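The values are calculated or read from the model by the stated rules, or taken from the named source; none is laboratory data. What you see is a predicted model, and the numbers here were worked out from it, not measured in a lab. All Cβ positions, glycine included, derive from the backbone under ideal geometry; neighbour counts span all protein chains shown.
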Amino acid sequence: MFKSILISGVLCTLLSAQNFETFLQKALTESPYLHASSLEILQAAEQGAILQRYKNPSLELEYSHFTPQNGSDAGGYRVNYSQPIQLWGLQSAKQQLATKLSQTATADYEAKKALYMRTLSLLYVEYMQASQLEALAEEASTIAKKIFTISQVRYEKGRIAKGVLLQAQIDYERAVIGCEELRLATQQSYYSLLSFAGVKEEIRLSTHYTFTPLMKKQQHPQMQLLALQNKAMLSQAELLEHSLSWVNLFAEYEEEPEQEIMRVGLTLPLPIFNTKSQEKKLATLKAKEKKISLEATTTRVAFETKLLNYERASLLKQKTSNAKVLQNELRLLEMYEEGYKIANVKLLALQEVKNRVIQTKKKLIYIESGLNKNAILTNYNQGNYND
């Protein structure tokens, strides 16, 4: 009856806990980091609009007072209207640069979002690992308590010495202390996860989730960003090719005593001392820098992918081998427990087998965490966290 109630309680707990996918969607919705990063896209759009806007016209109004040497005083006035005009071909270059800036801002946000998802996933794996190690410690404590109980019965019947009983008691007490230490580690990883996620309340999370490498391949988020940054710098250099960007068209009407004057003309800036050559060279150098970084990132990601593939194959082999070993160790543990009851097995031998079981289970937990981390990093490198 008690066993049924315990299983029912565990199932209720698992059913009420959020799995990783649900938690991830909540984090993506509530994260202040992502909200702040998304504003950079709007800022880039406004910067593009500023880049493409026209200059305002100017209006001059002037009143003149004339005092001739012979004759009466008279007044006059002048009106001047001027409008800067952008030269042909400049607007298309500005539109192209504005588009590249907008695309770069979007790619930068997507790169930050992908990195956020990768880090959140890794922290979730750390939390699952800590929780599973805590559960394993509780299992070890249960086995140690069982051995201690058997030792008490055997001591009371005079079959073992007091020292053997104390040894079983110390082993059990150490197991209890280990549970408390791992319980603290679980809480630390849990709150680190929530803090990074940016959620606003505590959430019950599932401690079991399998991350798997996705088959689809896209561009690495950082590589995509560097490629667009390179194009943006090249567009800026192209825009700076126009050393003469504006001319000033003006119209002027002036009325003086005994005459009226009408003027229309252009004011042409002379790019003699400032031809924007330094700005163009700077943009070209930045574009070259992004290209070199892109090539370096491409090489790094290629080697990382090869290592991740090798690592995954090795971890899968280790998982299979340790699972087989664990089956035999569990059978041996059961045999030694029965043998200890009837004095056919010594306490040290039983404890050694128990420790082997715990160590093998611990290895399997670490291997499973390694496989999850491997899948997360593989998906990130393949661009599977891109929208």
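Overview of values
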read-out	value
Test: Ser151 is of a type in the set (S, T, N, Q), more than 18 Å from Asn372 (Cβ to Cβ), buried (at least 16 other Cβ atoms within 10 Å of the Cβ) and touching a Cys at 6+ places or on another chain (Cβ under 8 Å)	no
Residue check, Ala137 in contact with a Phe, Trp or Tyr (Cβ under 7 Å, 6 or more places away or on another chain), in a helix (DSSP H, G or I) and not acidic (Asp, Glu)	no
Pairs where the first residue, in the range 99-122, is within 11 Å of Tyr380 (Cα to Cα) and among the small types (Gly, Ala, Ser) and the second is in a helix (DSSP H, G or I) and modelled with pLDDT of 95 or more, C-beta under 6 Å, 6+ apart	Ser121/Ile376
Matching entry among Gln236, Gln229, Gln219 (being polar (S, T, N, Q), within 23 Å of Lys100 (Cα to Cα) and surrounded by fewer than 16 Cβ atoms within 10 Å (Cβ to Cβ))	Gln219
Of the criteria (1) β-branched (Val, Ile, Thr); (2) touching a Lys or Arg at 6+ places or on another chain (Cβ under 9 Å); (3) farther than 30 Å from Leu226 by Cα, which one Thr378 fails	(3)
For Val164: the one exception among (1) without any contact (Cβ under 8 Å) to a residue 40 or more places away in the chain; (2) on the phi < 0 side of the Ramachandran plot	(1)
Residue selected from the range 167-193 under the condition touching a residue at least 40 places away in the same chain (Cβ under 8 Å) and within 19 Å of Tyr336 (Cβ to Cβ), by the criterion surrounded by the fewest Cβ atoms within 10 Å (Cβ to Cβ)	Gln167
Condition met for Leu101 (surrounded by 16 or more Cβ atoms within 10 Å (Cβ to Cβ) and at pLDDT 90 or above)	yes
From the options Val345, Val301, residue that is without any contact (Cβ under 8 Å) to a residue 40 or more places away in the chain and either aromatic (Phe, Trp, Tyr) or surrounded by 16 or more Cβ atoms within 10 Å (Cβ to Cβ) (or both)	Val345
Any hit, the range 186-200, residues being part of a helix (DSSP H, G or I) and touching a Lys or Arg at 6+ places or on another chain (Cβ under 7 Å)	no
Single condition Gly339 does not satisfy, out of (1) in a helix (DSSP H, G or I); (2) more than 30 Å from Gly158 (Cβ to Cβ); (3) at pLDDT below 90; (4) not hydrophobic (A, V, I, L, M, F, W, C)	(2)
Looking only at the range 319-374, and only at residues there that are hydrophobic (A, V, I, L, M, F, W, C) and more than 46 Å from the chain's Cα centre (by Cα), the one that is nearest to Ser151 (Cα to Cα)	Leu347
Residue selected from the range 269-284 under the condition without any contact (Cβ under 8 Å) to a residue 24 or more places away in the chain and aliphatic (A, V, I, L, M), by the criterion surrounded by the most Cβ atoms within 10 Å (Cβ to Cβ)	Leu282
Hits in the range 123-151 - residues which are among the small types (Gly, Ala, Ser) and in contact (Cβ under 8 Å) with a residue 40 or more places away in the chain	Ala130, Ser131, Ala135, Ala137, Ala140, Ala144, Ser151
Spans of helices (runs of 4 or more DSSP H) in the range 1-69 with at least 2 residues closer than 30 Å to Tyr81 by Cβ and modelled with pLDDT of 75 or more	32-52
Any chance Ala323 is at negative phi, among the aliphatic types (A, V, I, L, M) and without any contact (Cβ under 8 Å) to a residue 24 or more places away in the chain	no
